[in-house]
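Note sheet for the following structure.
The values are calculated or read from the model by the stated rules, or taken from the named source; none is laboratory data. If you're wondering where the values come from, they're calculated on a predicted model, not measured in any experiment. Note that we place each Cβ from the backbone using ideal geometry, even for glycine, and neighbour counts take in every protein chain shown. Note: accessible area is taken over every heavy atom of the protein model, side chains too, but ligands, DNA and RNA are not part of it. Shrake-Rupley method; radii C 1.70, N 1.55, O 1.52, S 1.80 Å.
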Amino acid sequence: IAHRIIRVPGQHAEDVARTRLTEAALQSAATPQQTATLYFPSFEQGALLEEIRPISWASSETDRMRQVLLALIEGSHQGAEPVLPPSAAIRAVFLAPAGTAYLDFAGQTLANVSPGIASESLAVYAMVNSLAANIPAVKKVKIVVQGQQVETLGGHADLSESYAPGPARLSVGP
């Protein structure tokens, strides 16, 4: 029996493997397949593109939030721009009773997001809209790094406040 070996240099292979293992751990074999609505940036259009994927949802809202983020880290299956780099590390997710989702990323996770106000805003709204579309209890999203508030994503998009989903950023039509 032949084995296929894929070599990916350095840290990237480790990051990809970690993401796949975490995603697999959150999948429930007993749960029937449903769909997830994800949003990915199109820098060319200046909008978010919708992508529908099959998923076996976890039972808790925080695990479903983590599943959405892992799917965004995995990237688009239709060629859209990435939201987060493959090396992105989610430290914690939390949903407050009032509907604010807190996303806590590891230190260097957000450093590799495409720079510029337009691309950073699309990355933020891709996370916000993807979470709100799949977890109805999510009304706003607050992004923190290492458990601490940060001022901006990459020097442009303001992260000092929470973000509500924004339909104005969605692409209309193919």
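Some points to look at:
- Per-pair calculated FRET efficiency, R0 = 22 Å: residue 146 and residue 43 via Cβ, rounded to 0.05: 0.20
- Solvent-accessible surface ranking, highest first, for 161, 81 at 1.4 angstrom: 161, 81
- Order by protection proxy (mean Cβ within 10 Å, highest first), peptides 58-67, 90-99: 58-67, 90-99
- Cβ-defined net charge surrounding residue 95, 12 Å radius [Lys, Arg +1; Asp, Glu -1]: +3
- Total formal charge among the other residues, if their Cβ is under 12 angstrom from that of residue 78, Lys/Arg +1 and Asp/Glu -1: -2
- Listed peptides 124-136, 43-55 by packing density, highest first (mean Cβ within 10 Å): 124-136, 43-55
- Rg [Å, one decimal], Dmax [Å, integer] - region 34-120, C-alpha atoms: 13.5, 37
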